[in-house]
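A.B. asks: Next up is a structure, given as structure tokens.
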Amino acid sequence: MKIVMLGNTGVGKTTYMASLFGIMQQRVEGFSLKTTNPSDRSHLLDLGNKISSGNYPGGTSARAEYDFILQHQARDIFPFSWADYRGGAISEKQNSEQASSLVRDLKEADGIMMLCDCQALAHGNTKANEIRRMTTLVSQALRDIERPISLAVILTKTDIVGSFQEKIFSPFQGLIDVINASEWVMGAFIPVACGTKFINVPIPLFFALYSTVLYQALVAQHMAQEYYNRAQQWQQKSQGVEGFFRWVGDKWNGNTTDEELALANMAAAVEAYQKLESIKDPVLALGKYLEKIPVIQQGKTLNDYAEASAKLKIYYRINSSDWF
């Protein structure tokens, strides 16, 4: 699975990633996060420790990619890559290498995190976030898509915003329309804060992964039933006199017998069922954790998103003593 994070310079992308990793060294609803590269772990933990003390990192100078594994109850569940683009990438010319790479990553993504400075939005400064340009890029990536994908609009620095008003969400109307027009895209507004206070930090990651993980569970459930039904059909064909002559013919011609096909399909059904069992609990846990987030839906108003965002406040802390 792949997550792509984009946002203009200064919105807090690096701060968010490091804060998330630091917080998820402790279990959040049974979930934790680890890197596959030890140097990435050390780097992110160091940044997270500094952020919790009020020292914020500089912006990303180039595209960076990290490989993570989401764990549930200390068991590896979902490996995924996370592509982090420097802020300037979204404003580059379309034929530039960085812009082409961004569009390609967005098209391949299972989850997209679009970070925006909520304080700038509250002051009516849409240029600071390059929302129009990000909406164009994301809309291009989502065009004609036929698989589940999650789009988290992450509103950063919400701890210094007095209140959530409609004007914060009005620049996203075009993006809301794109999401509502698609049967495959799941979108949500998620307010976060990283610093001396950490608010809602794990929610965007969980949301970004959720639609793909849920889809995997549904596919596994369908395939388990499909293979089981096929196994039953082949087993029935192998019975009786007709089944015996079919068996003789298959053996004579070197073909797979009905009974062998039944066993193969039953083995495939067991494998699909085992996959479903391995992800069922994490999927249910993710779904319950995300129940109250401001999901973008037909019929909702900008004021609905403002009210729901104001109510969504889950606090966390980074406990560096748990890191080593």
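The values are calculated or read from the model by the stated rules, or taken from the named source; none is laboratory data. Just so we're clear, the structure is a prediction, and the values are computed from it rather than from any experiment. With ideal geometry, Cβ positions are generated from the backbone for all residues, glycine too; neighbour counts draw on all protein chains shown.
A.B. asks: Those residues that are outside any strand (DSSP E or B) and surrounded by fewer than 22 Cβ atoms within 10 Å (Cβ to Cβ), I need them from region 189-208; list them, please.
C.D. replies: The first filter runs over region 189-208 and keeps only residues outside any strand (DSSP E or B), leaving 192, 194-197, 200-208.
Within region 189-208, GLY195, THR196, LYS197, ASN200, PRO202 meet the criteria.
A.B. asks: Next question, about the same structure. Out of LEU115, LEU155, I need the residue that is within 16 Å of VAL295 (Cβ to Cβ), at pLDDT 90 or above and touching a strand residue (DSSP E or B) at 6+ places or on another chain (Cβ under 7 Å). Which one?
C.D. replies: Numbers: LEU115 fails: within 16 Å of VAL295 (Cβ to Cβ).
So the residue among LEU115, LEU155 that is within 16 Å of VAL295 (Cβ to Cβ), at pLDDT 90 or above and touching a strand residue (DSSP E or B) at 6+ places or on another chain (Cβ under 7 Å) is LEU155.
A.B. asks: What strands (runs of 3 or more DSSP E) lie completely within region 1-74 and have 1 or more residues being free of Cβ contacts under 8 Å to residues at least 60 places away in the same chain and either on the phi > 0 side of the Ramachandran plot or of a type in the set (Phe, Trp, Tyr) (or both)? So that I can check it myself, show each step before the final result.
C.D. replies: On the way: elements: 2-7, 31-35, 64-72.
Passing ranges, in order: 64-72.
A.B. asks: Only one of GLY162, GLY187 is closer than 16 Å to ALA306 by Cβ and modelled with pLDDT under 90. Can you tell me which? Talk me through it step by step, then tell me what you get.
C.D. replies: Numbers: GLY187 fails: modelled with pLDDT under 90.
The unique qualifying residue is GLY162.
A.B. asks: Something else about it: Taking the residues in region 100-141 that are polar (S, T, N, Q) and part of a helix (DSSP H, G or I) as candidates, determine which candidate is surrounded by the most Cβ atoms within 10 Å (Cβ to Cβ). First the steps, then the outcome.
C.D. replies: Of the residues in region 100-141, the ones polar (S, T, N, Q) are 100-101, 119, 125-126, 129, 135-136, 139-140.
Subsequent filtering for residues that are part of a helix (DSSP H, G or I) retains 100-101, 119, 129, 135-136, 139-140.
Working: SER100: 13, SER101: 14, GLN119: 19, ASN129: 25, THR135: 19, THR136: 15, SER139: 17, GLN140: 12.
So, considering only residues that are polar (S, T, N, Q) and part of a helix (DSSP H, G or I), the one surrounded by the most Cβ atoms within 10 Å (Cβ to Cβ) is ASN129.
A.B. asks: Given the structure, is ASN49 under 19 Å from THR158 (Cα atoms), modelled with pLDDT under 85 and of a type outside the set (Gly, Ala, Ser)?
C.D. replies: On the way: under 19 Å from THR158 (Cα atoms): no; modelled with pLDDT under 85: yes; of a type outside the set (Gly, Ala, Ser): yes.
In short, no.
A.B. asks: Ok, one more. Starting from region 184-196, keep only residues that are touching a residue at least 60 places away in the same chain (Cβ under 8 Å) and on the phi > 0 side of the Ramachandran plot, then list their pairs with residues that are outside any strand (DSSP E or B) and not small (Gly, Ala, Ser) whose Cβ atoms are within a distance under 8 Å, requiring at least 6 positions of separation or different chains.
C.D. replies: These pairs meet every condition: GLY195/THR15; GLY195/ILE51; GLY195/TYR56; GLY195/ASP159.
A.B. asks: Can you pull out every residue in region 142-168 that is farther than 26 Å from ALA18 by Cα and crowded, with 22+ Cβ neighbours inside 10 Å?
C.D. replies: LEU142
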